[in-house]
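Engineer: Structure below; questions to follow.
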Amino acid sequence: MWNINFISENDFTEHVKNTIKNYGEKLKPFDLKKFNINIIDPIKLIFDKLIYKYTWDEIIKNEIYRQRDKSNNNDIGYFHQRIFQYIKNCEVPRTGWDVIFFNDDGIKLPEGDIIKKIYIEMKNKHNTLNSSAGAKTYIKMQNKLLEDDNCACFLVEVIAKRSQNIIWSVNIDGKKFNHRKIRRVSIDQFYKIITGQGDAFYKICMVLPDVIAKIVKSSEIQTPKDTVISELKNISEHKNILFILALYLLGFGTYINFS
């Protein structure tokens, strides 16, 4: 039974499908060329293997996962942002802001202000916004408040330190700035504002695994069969060298003696 009333099952399923499609190239198998496209650090892999007592298979799989995971963050950002195009009173513009939420009946902020529109910048994780980017985002929000005094601006974080809806304070050129209409909000609190339901984000999280599993099962998506380990073993056998030297050749193949 679909028990979410702010997004339909069909819309949610379609959105998850589109998110999976965005994985695109990341679903393709890793061969040795793709594995080493940015030149790996063999010494780091050897430290990690011996300190954490991994097998060669485990350390190579971990590195492949790390490379995939690095590029997957944008796809997860797509999931968190674009879902709001299916939710009432939300807009996902092509440029400018990640999400815009409006309510002509008024939106009450914790300090008592009543506004009609919220402009949102979204971040996957609380620590991904450095001081320079944070200052730039804050200034953008200040400018929006100067244009429209009947709005608020939110920095919405998916992975926040805690559930929160607080005034965002930043330091710009050594001076501290804050404004009650510029806020730092965890995504659960943001869902509560736009749906009126405190458990809205919780409901999304609860249905997500089943929806992903059904889509993957019914589609042609297959687990990538990576060939990095077998190719490294073939190199070591063909050249009659140790596996560890085959790994060194990925990073140091043109260095003195290695070649």
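Engineer: Evaluate region 123-140: report whether one residue or more is more than 21 Å from residue 170 (Cα to Cα) and either assigned to a loop (DSSP other than H, G, I, E, B) or in contact with a Leu (Cβ under 8 Å, 6 or more places away or on another chain) (or both).
Structural biologist: no
Engineer: Check whether at least one residue in region 50-66 is touching a residue at least 12 places away in the same chain (Cβ under 8 Å), of a type in the set (Lys, Arg) and surrounded by fewer than 16 Cβ atoms within 10 Å (Cβ to Cβ), and report yes or no.
Structural biologist: Looking through region 50-66, none of the residues is touching a residue at least 12 places away in the same chain (Cβ under 8 Å), of a type in the set (Lys, Arg) and surrounded by fewer than 16 Cβ atoms within 10 Å (Cβ to Cβ).
Engineer: Among the numbered conditions (1) more than 30 Å from residue 183 (Cα to Cα); (2) touching a residue at least 60 places away in the same chain (Cβ under 8 Å); (3) among the small types (Gly, Ala, Ser), tell me where residue 236 comes up short.
Structural biologist: Among (1) more than 30 Å from residue 183 (Cα to Cα); (2) touching a residue at least 60 places away in the same chain (Cβ under 8 Å); (3) among the small types (Gly, Ala, Ser), the lone unmet condition for residue 236 is (2).
Engineer: Another question about this same structure. Cβ-Cβ below 8 Å, separation at least six or inter-chain, first residue in region 119-140 and under 19 Å from residue 74 (Cα atoms), second small (Gly, Ala, Ser) and in a loop (DSSP other than H, G, I, E, B): which pairs?
Structural biologist: Taking only residues 6 or more apart or on different chains, the pairs are 126/160.
Engineer: Hey, another quick one. Checking residue 76 against (1) farther than 21 Å from residue 159 by Cα; (2) in contact with a strand residue (DSSP E or B) (Cβ under 8 Å, 6 or more places away or on another chain); (3) at pLDDT below 90, only one condition comes out false. Which one?
Structural biologist: Exception for residue 76: condition (1).
Engineer: Name every residue in region 1-32 that is more than 18 Å from residue 69 (Cα to Cα), at pLDDT below 95 and open to solvent by 70 Å² or more (accessible area, probe 1.4 Å), in order of residue number.
Structural biologist: 1, 3, 17 - these are the residues of region 1-32 that are more than 18 Å from residue 69 (Cα to Cα), at pLDDT below 95 and open to solvent by 70 Å² or more (accessible area, probe 1.4 Å).
Engineer: Look at residue 89 and say whether it is over 27 Å from the mean Cα position of the chain (by Cα), surrounded by 13 or more Cβ atoms within 10 Å (Cβ to Cβ) and modelled with pLDDT of 95 or more.
Structural biologist: Spelling it out, it is not the case that residue 89 is over 27 Å from the mean Cα position of the chain (by Cα), surrounded by 13 or more Cβ atoms within 10 Å (Cβ to Cβ) and modelled with pLDDT of 95 or more.
Engineer: Does residue 162 fit the bill of being under 20 Å from the mean Cα position of the chain (by Cα) and surrounded by 12 or more Cβ atoms within 10 Å (Cβ to Cβ)?
Structural biologist: no
Engineer: Also, I was wondering about something else. Look at region 3-42 and say how many of its residues are free of Cβ contacts under 8 Å to residues at least 40 places away in the same chain and more than 25 Å from the chain's Cα centre (by Cα).
Structural biologist: Residues in region 3-42 being free of Cβ contacts under 8 Å to residues at least 40 places away in the same chain and more than 25 Å from the chain's Cα centre (by Cα): 2 in total.
Engineer: Quick one: would you say residue 203 is basic (Lys, Arg), open to solvent by 60 Å² or more (accessible area, probe 1.4 Å) and either closer than 27 Å to residue 139 by Cβ or modelled with pLDDT of 95 or more (or both)?
Structural biologist: Spelling it out, it is not the case that residue 203 is basic (Lys, Arg), open to solvent by 60 Å² or more (accessible area, probe 1.4 Å) and either closer than 27 Å to residue 139 by Cβ or modelled with pLDDT of 95 or more (or both).
Engineer: Which ones in region 118-133 are surrounded by 19 or more Cβ atoms within 10 Å (Cβ to Cβ) and more than 17 Å from the chain's Cα centre (by Cα)?
Structural biologist: 118, 119
Engineer: A further question on this structure: For region 86-111, give me the residue count where each residue is in contact with a helix residue (DSSP H, G or I) (Cβ under 8 Å, 6 or more places away or on another chain) and closer than 15 Å to residue 156 by Cβ.
Structural biologist: 8
The values are calculated or read from the model by the stated rules, or taken from the named source; none is laboratory data. In this text the structure is predicted, and so the values were computed from the model without any measurement. Because the Cβ atoms are built from the backbone with ideal geometry, glycine has one as well, and the counts that use them run over all protein chains shown. Remember, those area values only see protein heavy atoms, side chains included, never the ligands or the DNA or RNA. Shrake-Rupley method; radii C 1.70, N 1.55, O 1.52, S 1.80 Å.
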